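**Q** Take a look at this one; I'll ask things after.
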Amino acid sequence: MTYLSRRRGFVLAGALGTLLFAVSAASAQQQAPLPPGSPLIGRPDTEAAKKLAPVAPPPLPAAADKLPLDKLKAPKGFTIEVYASGLDNARTLRLGDKGTVFVSSRLKDKVYAIVDKGGKREVKVVASGLYRPNGIVLHKGTLYIAELSQISKIENVEDQLDNPPKPAVIFSDLPKDEGHGWKYLTVGPDEKLYFQVGAPCNICMPSDRHAKIYRLNLDGSGLEVVAKGIRQIVGMDWHPTSKQLYFTENSRDWLSEDIPQDKFNRVTQPGKDNFGYPYCHQGNIPDQEFGWGHSCDEFTKPLALLGPHAGALGMRFYTGTMFPAAYRNQVIIARHGSWNRSTKIGGDLVLMKLKPDGTFRSMEPFVTGFLQNNNYVGRPVDVLVMKDGSLLVSDDYNGAVYRVSYGAQRTAGR
């Protein structure tokens, strides 16, 4: 063998070794396991899919003068203004008997209170050191807080805003899964606490404890199952006349960019309703893995579909009198917006009009503009009807709360 041949052999061997090392390193990096419940589990191994990932909010809340008010649009006659700013990761909204607006967070550890004194508003922290405190509800002066794995309460909270006590735990036997572990909390006409335990995954066979709506007595006793087959809920409310429970549901990811759609549901048979997860999606699509041997007709159908991956979250029946009569006892839903679609949808509020029997009639845009040129300038999470009939909207992307009013009535913005 000549010197030149040997040299070429060494070079080739070295290049091949470098290539194999690079491939091995890249393979090891790609095969690093994702944490349980990660939204990226199941993402297709394609260049287009690899560009899709959850939208991270800015590191700090936006200043009041930097909020995207000029981008937000509502029907003629409506006004949108800033109600409060500086509430990091603002999520669920609740109203106290004395007019205090309580705001939860999910990624932060706090629950806030907005105190309005003649149009000038002050933000206070009423609880901190919490873990995933997304779910809150007020009932007869008591603030109930649902964290990832427990529910607690602060009694007479509006009388103790300057020196609130530590929340007292009333129920702690909940799963600790991060995937869809954050809760939504409401109180029913039966004076019981209602909340959900979401699926611990994108798509899987949930344990007997997951993918269900539960209820508890106000003291934390008497746990019961209300409905099952539910992937994740971040919005529930009660029909003003029928007193039936309505809720939004986020459907599975990574089946396609266009299916399945999120759902708008109603519980008509408490303890019996099964909404289909993981066997059936959007009421008519069998799951490609778990749907075998099942028909979608076995399960409770959605009232309406809310768009593919639209992130339908908070919802309320509009029971005020400020808005036009066409809004009375209809549903306003906050669509947080999609992240796993190349062309995003949502980032808005929609009006769900119902028929007299409580079934779905139509869906119309209400407040738009959080999504601009396929990018978010804000992300609505929850809505709250105020005593004067105006509507508050939380935005966890900017850490803000907006006020939507109709007609000449206005309050000073902050």
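**Q** Does Trp292 qualify as being out of contact with any Ser or Thr (no Cβ under 7 Å at 6 or more places or on another chain), in contact (Cβ under 8 Å) with a residue 40 or more places away in the chain and either among the β-branched types (Val, Ile, Thr) or more than 17 Å from Lys228 (Cα to Cα) (or both)?
**A** So Trp292 fails the test.
**Q** Here is a follow-up. Could you identify the single residue in Met322, Met352 that is at pLDDT 95 or above and either more than 27 Å from Arg106 (Cβ to Cβ) or among the β-branched types (Val, Ile, Thr) (or both)?
**A** Met322
**Q** Please give the strands (runs of 3 or more DSSP E) falling wholly within segment 301-414 in which 1 or more residues are open to solvent by 30 Å² or more (accessible area, probe 1.4 Å) and acidic (Asp, Glu).
**A** Filter on segment 301-414 gives 360-367.
**Q** I'd like the full set of residues that are over 17 Å from the mean Cα position of the chain (by Cα), of a type in the set (A, V, I, L, M, F, W, C) and not in a loop (DSSP other than H, G, I, E, B), limited to segment 103-132.
**A** Residues satisfying the conditions are Ala113, Ile114, Val115, Val123, Val125, Val126, Ala127.
**Q** Return the only residue of Val331, Val385 being within 17 Å of the chain's Cα centre (by Cα) and in contact (Cβ under 8 Å) with a residue 12 or more places away in the chain.
**A** Step by step, each of Val331, Val385 is checked, and only Val331 is within 17 Å of the chain's Cα centre (by Cα) and in contact (Cβ under 8 Å) with a residue 12 or more places away in the chain.
**Q** How many residues are within 19 Å of the chain's Cα centre (by Cα) and loosely packed, with under 11 Cβ neighbours inside 10 Å if we restrict to segment 32-57?
**A** Matching residues across segment 32-57 total 2.
The values are calculated or read from the model by the stated rules, or taken from the named source; none is laboratory data. Owing to the predicted nature of the structure, the values given are computational and were not obtained by experimental measurement. Neighbour counts are summed over all protein chains in view; Cβ atoms, including those assigned to glycine, are modelled from backbone coordinates with ideal geometry. Areas reflect the complete protein model, heavy atoms only, side chains present, ligands, DNA and RNA absent. Shrake-Rupley method; radii C 1.70, N 1.55, O 1.52, S 1.80 Å.
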